[in-house]
1. Mind telling me which of the residues A:G297, A:G254, A:G315, A:G276 ends up being surrounded by fewer than 24 Cβ atoms within 10 Å (Cβ to Cβ) and at positive phi?
2. Would you confirm whether any residue within segment B:238-254 is within 30 Å of A:T417 (Cβ to Cβ), in contact with a Pro (Cβ under 7 Å, 6 or more places away or on another chain) and either part of a strand (DSSP E or B) or at pLDDT 95 or above (or both)?
3. Considering only segment A:203-214, how many residues are part of a loop (DSSP other than H, G, I, E, B) and within 14 Å of another protein chain (Cβ to nearest Cβ)?
4. Among the listed residues B:D256, B:D279, which satisfies the condition of being of a type in the set (D, E), farther than 27 Å from B:I102 by Cα and not assigned by TED's automatic domain parsing to the domain that holds B:A104?
5. Look at segment A:392-423 and say how many of its residues are among the hydroxyl-bearing types (S, T, Y) and under 30 Å from A:R327 (Cα atoms).
6. If you scan segment A:86-126, which residues turn out to be farther than 20 Å from A:H189 by Cβ and hydroxyl-bearing (S, T, Y)?
7. For segment A:178-197, which positions are part of a loop (DSSP other than H, G, I, E, B), within 15 Å of A:Y107 (Cα to Cα) and more than 14 Å from chain B (Cβ to nearest Cβ)?
Number of protein chains: 2
Amino acid sequence: MNTAISLRIALVASALSAAAPAIAAPTNGSGVAWDIVEGLTTEIGPRPAGSSAEDRARDWGADKLKALGFQNVRIEEFKTLGWQRGPERASLTAPFAQPLAITALGYSVPTPKGGLKAELAYFPTLAALEAAPDGSLKGKVAFIDHAMRAAQDGSGYGPYGNVRREGPSIASRKGAAGVVIRSAGTDSHRNPHTGVTMFAKDVKPIPAGAVSNPDADLIARTAARGKPMAIDLMLMGKPFPDATSGNVIADLPGRDPSLPIIVLACHLDSWDLGTGAVDDASGCAIISAAALAAQQGGQPLRTIRVLWSGNEETGIAGGGGDDYAKRHGAERHALAMESDFGADKVWQVKFSRAPQDKALADKVNAALWPMGIVPHEGRADGGADVEAIIAAQKLAVIDLGQDGTHYFDLHHTPDDTLDKVDPAALQQNVDAWAAVLKVVANEAGPIGMVEAGPK
Amino acid sequence: MNTAISLRIALVASALSAAAPAIAAPTNGSGVAWDIVEGLTTEIGPRPAGSSAEDRARDWGADKLKALGFQNVRIEEFKTLGWQRGPERASLTAPFAQPLAITALGYSVPTPKGGLKAELAYFPTLAALEAAPDGSLKGKVAFIDHAMRAAQDGSGYGPYGNVRREGPSIASRKGAAGVVIRSAGTDSHRNPHTGVTMFAKDVKPIPAGAVSNPDADLIARTAARGKPMAIDLMLMGKPFPDATSGNVIADLPGRDPSLPIIVLACHLDSWDLGTGAVDDASGCAIISAAALAAQQGGQPLRTIRVLWSGNEETGIAGGGGDDYAKRHGAERHALAMESDFGADKVWQVKFSRAPQDKALADKVNAALWPMGIVPHEGRADGGADVEAIIAAQKLAVIDLGQDGTHYFDLHHTPDDTLDKVDPAALQQNVDAWAAVLKVVANEAGPIGMVEAGPK
């Protein structure tokens with residue numbers, strides 16, 4: 001709830017020598033990272049992929065990165081399939097009349113304008129829906145319940161997120177006229193969680209929405225009473241072709257331009273319901289502030305690039321990560337990192353294709369050790385904005401794992417707003433990223449598979 | 001999030017002797033109190049004053065009270081001024097385009113159908129608005145910011161609630177075309193808080209809404225940038241005359257019908273945005289379950305009456321408490337209590353007109369002592385549903401003060417749903433109320449001013 005206008009503190013403190021003590025990290029709602037999150041959420045707000053707001057956000061981002069001293073700042077546009085929310089509402093109409101807090105999933109198709117009035121069939125799990133006989137849902141709306149719980153590493157989002165990703169296709173295959181799911185989220189507010197669903201090529205897209213957890217509780221309690229349920233469902237959102245999205249790319253050149261670069265990614269687009277504070281203005285803030293902070297004590301050997309990716313959220317139809325890999329495949333990359341899991345503190349670190357660089361991983365772990373960050377044996381995977389370039393160039397990856405206990409309270413909801421970002425936790429991210437970058441961007445020896453050769 | 005169907009546990013355990021150990025209080029989402037909250041929120045849901053849902057809730061309540069063994073159960077209808085929400089939305093349009101989470105205040109009048117497009121004038125406090133010159137807001141929409149903080153005794157709602165109650169009239173006097181306030185609430189979710197506003201007789205009613213706390217933060221950050229702000233405001237809610245509301249009244253007769261009765265009140269109506277779980281299905285649940293629990297160990301001397309009041313929320317135009325006092329003024333009452341502050345645990349007790357009955361107050365305090373409940377020197381006032389009968393008959397009052405730290409996170413929002421009620425805390429309320437009732441309903445001597453005579 002900090003409403004003070006933050007002042008950027010120049011972290012590009014070129015006057016500081018390598019031996020000087022580190023600047024005290026700002027934690028009171030000031031500093032480069034806070035400035036970016038505050039600015040994007042206040043001056044742009046929701047910026048769905050393919051929208052004019054996402055376009056304004058690219059200009060805002062390019063201006064900001066130039067002002068911060070980044071070089072070679074450019075916007076690279078690309079086309080994609082957009083999706084536009086429309087009016088939406090739903091009510092239980094039997095056995096009890098109750099309004100429902102609902103939102104359409106991305107790539108939902110619209111209901112009839114006056115609403116779809118149908119029997120509501122209750123399935124406690126995705127498996128129960130899968131077990132329903134083909135054709136048994138003809139003319140009905142399927143409700144899929146489930147129970148995603150909070151986890152520090154966010155691991156519930158894989159399996160429980162599948163209800164959102166795959167549930168609508170399964171319901172359509174069974175003949176359903178529409179589908180409603182319990183939000184893939186861990187809060188208990190009347191703010192349903194949106195996010196993309198993926199209609200398989202062989203199924204007819206149907207209207208698909210999510211209700212909030214308290215509304216799903218209500219449906220479950222009602223279903224338990226054993227009387228037939230009916231719903232009146234209106235979801236007018238729909239896809240639109242030929243949408244313009246784009247990436248913002250900027251470099252902090254290294255001392256040795258012949259060395260493969262380090263690429264750091266976040267995404268600039270956000271869902272329309274909130275202002276994209278934790279998803280993912282914070283990621284863009286963290287990588288950019290850390291890239292600058294890594295310049296303290298002297299210009300690193302390797303170029304550090306930031307990629308503020310467009311269209312991550314609906315990117316199944318072509319996102320910024322794919323476009324980046326296509327356009328920049330000829331440039332040699334060494335290592336990729338991505339920040340797209342909010343603004344809570346970094347608590348663990350994972351590596352991929354770095355064990356062969358064990359000495360480098362040891363140096364990274366040593367740099368993170370004073371911050372209490374735990375090395376994890378799991379494999380780093382980067383994320384949607386870097387996966388294409390990682391695959392194309394077999395890059396090394398380092399994941400700085402943030403505490404995700406509360407992330408899925410906010411993710412894809414109206415509640416993703418600035419007040420949810422703790423300035424001290426945001427700055428801890430910047431400090432952890434800067435500590436890693438000071439090691440890897442000053443590594444003269446080969447990093448990862450391309451440089452080191454396959455092992 | 002308990003979705004189990006609760007089974008009523010017969011607390012009217014006539015087989016138990018007075019010497020038997022108390023039944024272990026159910027705290028797992030079962031029992032009379034839970035059953036009432038679960039039932040009202042699931043089978044009725046939102047039940048605004050004057051609506052058909054409130055009418056259904058009266059029938060539901062009368063059936064429930066009869067089934068629980070209450071006597072002389074009746075519904076007493078009365079007429080009032082209703083208020084019906086309509087479509088509503090708002091956006092900042094300058095200097096940045098941002099959608100706002102908004103809701104109309106009760107007794108707001110509608111904007112033009114296409115929205116009211118106007119300059120938005122920022123006032124950090126109600127005092128700042130009061131200091132604006134007359135006529136200075138002509139054609140503008142006033143935004144009133146403020147900062148209600150959580151307090152255990154809920155004391156912030158008096159002064160900060162005045163922004164909602166009085167702010168719109170003040171803005172209208174200055175010439176404003178509309179008014180938007182920061183919600184009188186303590187949460188940080190995109191769920192604005194509704195509630196009545198009161199247009200003074202000499203001012204023109206204007207459209208009046210509240211934005212959520214995160215949206216108010218956004219407006220404050222935008223205002224701090226110093227550029228003119230503009231809003232597009234559509235609030236279509238409006239009052240309607242000749243609405244039917246009503247009370248549900250039921251008795252547990254005492255052994256001595258000649259003694260003045262004890263009246264316990266809650267309210268049955270709720271705001272339309274949530275399902276009225278903490279405001280005030282919980283109150284109706286607590287008083288009714290406690291009245292039954294007070295029968296354990298033998299029928300009390302005095303009759304205990306429960307009043308499930310209609311139209312408390314918009315009751316400035318005539319609520320259930322007024323109607324009750326008019327109709328039942330000829331019946332002798334001894335003492336009134338009201339539960340209308342959620343479902344968190346009772347932590348303090350206050351008395352009014354009981355110091356003269358010091359021995360009785362001592363007995364009540366002794367009964368509450370094992371529960372850690374603190375006697376408070378402040379004066380009990382009952383609440384809106386009993387204030388008329390208290391004033392008419394100069395009744396004694398006992399207030400069992402609940403912990404309100406989180407109450408104004410939920411109050412008048414979509415988030416007022418069953419999952420917010422902790423069954424253990426709900427049952428603690430029942431236990432505390434029952435402990436008090438066993439003392440006062442068995443008091444043979446005079447209670448309060450009417451019985452004891454003025455002192």
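1. Matching residue, one of A:G297, A:G254, A:G315, A:G276: A:G297.
2. Here is the first cut: in segment B:238-254, the residues within 30 Å of A:T417 (Cβ to Cβ) are none.
No, that holds for no residue.
3. The number of residues fulfilling the criteria is 1.
4. Numbers: B:D279 fails: farther than 27 Å from B:I102 by Cα.
Only one candidate qualifies: B:D256.
5. So the answer is 0.
6. Restricting attention to segment A:86-126, the residues satisfying the condition of being farther than 20 Å from A:H189 by Cβ are A:86-87, A:93-97, A:106-126.
Residues satisfying the conditions are A:T93, A:Y107, A:S108, A:T111, A:Y122, A:T125.
7. Taking segment A:178-197 first, the residues part of a loop (DSSP other than H, G, I, E, B) are A:183-195, A:197.
This time we only want the ones that are within 15 Å of A:Y107 (Cα to Cα), so: A:193-195, A:197.
Those that are part of a loop (DSSP other than H, G, I, E, B), within 15 Å of A:Y107 (Cα to Cα) and more than 14 Å from chain B (Cβ to nearest Cβ): A:G195, A:T197.
Quick grid of which residues meet (1) within 12 Å of another protein chain (Cβ to nearest Cβ); (2) in contact (Cβ under 8 Å) with a residue 12 or more places away in the chain; (3) under 20 Å from the mean Cα position of the chain (by Cα):
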position	(1), (2), (3)
B:D145	yes, yes, no
B:G158	no, no, yes
B:S172	no, yes, no
B:A216	yes, yes, no
B:R221	yes, no, no
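The values are calculated or read from the model by the stated rules, or taken from the named source; none is laboratory data. Quick caveat, the model's predicted, so the values are computed rather than measured. So basically every Cβ, Gly included, is an ideal-geometry build from the backbone, and we count neighbours across all protein chains shown.
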